[in-house]
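Below is one structure, written out as structure tokens; comments come after it.
Every number here is computed from the coordinates shown, using simple stated rules; none is lab data. All values derive from a computational prediction rather than experimental measurement. Quick reminder, even Gly has a Cβ in these numbers, built from the backbone with ideal geometry, and neighbours come from all protein chains shown.
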Amino acid sequence: MLSGSLSASHSAFMIQNPLETLDLSESSWEILAGVSASSVANVSKFHLAHLFRQTVGLPPHAYQNQVRLSQARKPLAQGFTASYVANEVFFFDQTHFTNQFKRHVGVTPGT
């Protein structure tokens, strides 16, 4: 069930939270795109995004970026190049990765 923020009459129609049917682990996140994830959860992609934000606290893409950036820290600490790491954590290119890393971490990946 969803949190108590729903009215009793509305929650009576909710059998379960569609997010419970999805695997949100870091390894499976890349497989789930908006359309396929919504079809797995059997709700529209907009409703799924709303439920995701309510449950996780971030929109799906922001969560995805956090997961990617979290995964990037270990190989960077091991000395891999930003270009290699960007590719490994599925960023489009090194520039996009560097900009996101700096925005969220506060320093560039090379420092």
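Structure data summary
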{"quantity": "Search result, residues across region 79-98 that are farther than 11 Å from ASN65 by Cβ and not β-branched (Val, Ile, Thr)", "calculated": "GLY79, PHE80, ALA82, SER83, TYR84, ALA86, ASN87, GLU88, PHE92, ASP93, GLN94"}
{"quantity": "Matching residues in region 71-111 - criterion: being in a helix (DSSP H, G or I) and polar (S, T, N, Q)", "calculated": "GLN71, SER83, ASN87, GLN94, THR95, THR98, ASN99, GLN100"}
{"quantity": "Members of region 71-111 found to be touching a residue at least 24 places away in the same chain (Cβ under 8 Å) and within 13 Å of the chain's Cα centre (by Cα), listed by number", "calculated": "GLN71, PHE90"}
